[in-house]
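Peer 1: Take this structure first; my questions come after.
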Amino acid sequence: MLKIAKVFIYCTTLAFLAACGGPSQSDECKAYIACAEAASPGTSAAAASTYGEDGQCWDNDDNADVCTAACKSALSLLATANPDEAACQ
């Protein structure tokens, strides 16, 4: 019985930790912030507050999906506007 209780506690703890992780910053948003900084140094702080690693985009999956799409679109626009900037390609 004690062994079953230990296994239950272990599995419950793992499930809890996995659920608490939430989404992490997408590659698209990492690329967008890098491009924004390269294209216009000093301006990426505003983007990072939303789209950065600790930004509000990663609170839940719905926000993450919307933010990832926004970063993809913004990166495309910046790449078009800055064709010679390697960080934007």
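Peer 1: Within the range 19-48, can you find the residues that are in contact with an Asp or Glu (Cβ under 8 Å, 6 or more places away or on another chain) and part of a loop (DSSP other than H, G, I, E, B)?
Peer 2: Passing the criteria: Gly22, Pro23, Ser24, Gln25, Thr43.
Peer 1: Okay, moving on. Give me a count of the residues in the range 60-86 that are farther than 10 Å from Gln25 by Cα and either within 14 Å of the chain's Cα centre (by Cα) or surrounded by 17 or more Cβ atoms within 10 Å (Cβ to Cβ) (or both).
Peer 2: Here is the first cut: in the range 60-86, the residues farther than 10 Å from Gln25 by Cα are 60-63, 65-66, 69-86.
Now restrict to residues that are either within 14 Å of the chain's Cα centre (by Cα) or surrounded by 17 or more Cβ atoms within 10 Å (Cβ to Cβ) (or both): 60-63, 65-66, 69-72, 74-75, 78-79, 82.
Selection size over the range 60-86: 15.
Peer 1: Quickly run through the range 25-46 and pick out the residues that are touching a residue at least 40 places away in the same chain (Cβ under 8 Å) and hydroxyl-bearing (Ser, Thr, Tyr). Give the derivation first.
Peer 2: First, pick out the residues of the range 25-46 that are touching a residue at least 40 places away in the same chain (Cβ under 8 Å): 26, 28-29, 31-32, 34-39.
Those that are touching a residue at least 40 places away in the same chain (Cβ under 8 Å) and hydroxyl-bearing (Ser, Thr, Tyr): Ser26, Tyr32.
Peer 1: Just the residues that are loosely packed, with under 10 Cβ neighbours inside 10 Å and modelled with pLDDT under 95, please, taken from the range 8-41.
Peer 2: Hits for the range 8-41 are Phe16, Leu17, Ala18, Ala19, Cys20, Gly21.
Peer 1: OK, next. Provide a single number: the residues in the range 49-59 that are surrounded by 17 or more Cβ atoms within 10 Å (Cβ to Cβ) and assigned to a helix (DSSP H, G or I).
Peer 2: Result for the range 49-59: 3.
The values are calculated or read from the model by the stated rules, or taken from the named source; none is laboratory data. On a predicted model such as this, the values are computed, not experimentally measured, just so you know. Because the Cβ atoms are built from the backbone with ideal geometry, glycine has one as well, and the counts that use them run over all protein chains shown.
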